[in-house]
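Q: Got a structure here, written out as structure tokens. Questions coming.
Coordinate-derived values only; no laboratory data. All values derive from a computational prediction rather than experimental measurement. Here the Cβ positions follow ideal geometry from the backbone for every residue, glycine too, while neighbour counts run over all protein chains shown.
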Amino acid sequence: MGRKAFVRDRILAAAFDLFAVRGYEAVSTRDIAAKAEVGPASMFKAFPTKEQLGRELYTIALAPIEREFAALAATTPSPAAALTATVEILYRMYDQRPRALALLIFPPHDITPWEVDRANDGAVRAIIRRLTAQDDDGEAVLWGALTGPLADRYLRRREGLMAPHAVAHARRILPLLSFRP
């Protein structure tokens, strides 16, 4: 691995940690450079803007989650089966990659990465909306129910796995599907 790739990877790793813990808006490029232990010149050579860094980080961090949802969409499950599978995927991903899932749950306000953009039919929320046959409001309520327990666990730094609770939580969320207009 060349020096340039090494510096770039360190910057991405530092940004990933900082964005997941403090949020995109609360982190400066100076914070990222300090955590990555690189100088400002190296930082801006690798990523000329914070937005460019943020967009690349979202692409890399959310790719495994997007692959899971693309595979689920390819199976064309019923809305109830899709909801149950969604909870299982999100909870398993939380257990395996909590910081990546935090990026999905708490997207930045300053930029809209393509991975969370409403115009992206391949985005996780768009797939969930399609598979559960929700309109925008229904999808927003459903998203809150799906991610609320994960956000609570993440923000409170509570211990324990989420995957064992997936089926029980899916049963609690399933009645929301019947409230479609």
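Q: In debye, nearest 20, what is the charge dipole magnitude of region 1-48 about its Cα centre with +1 on Lys and Arg Cβ and -1 on Asp and Glu Cβ, if you could check?
A: I would put it at about 220 debye.
Q: Under 12 Å from the Cα of K50, which aspartates and glutamates turn up, not counting those fewer than eight places away in the same chain?
A: E25, D31, D110
Q: Excluding residues on the same chain fewer than 8 positions from K4, give the aspartates and glutamates whose Cα lies under 15 Å from its Cα.
A: Cα-Cα hits under 15 Å: E37.
Q: Just name one of P79, I128, A41: the one whose Cα is farthest towards the positive end of the charge dipole of the chain (beta-carbon charges, Lys/Arg +1, Asp/Glu -1).
A: With unit charges placed on the Cβ atoms, the residue in question is A41.
Q: Report ³J(HN,Hα) in whole Hz for each residue of region 24-33, in order, from the Karplus equation J = 6.51 cos²θ - 1.76 cosθ + 1.60 where θ = phi - 60°; Gly and Pro get x.
A: So the Karplus estimates, Gly and Pro as x, are 4, 5, 7, 10, 9, 5, 5, 4, 5, 4 Hz.
Q: Okay, moving on. Can you show me the helix-derived [θ] at 222 nm for the chain, built from DSSP H runs with n ≥ 4 at -39,500 (n - 2.57) apiece and divided by the number of residues, rounded to the nearest 500.
A: One gets -21500 deg cm²/dmol as the mean residue ellipticity at 222 nm.
Q: Which distance in nm do the two modelled labels at A119 and V141 give, with both placed 7 Å along the Cα-to-Cβ direction?
A: The modelled label-to-label distance comes out at 2.9 nm.
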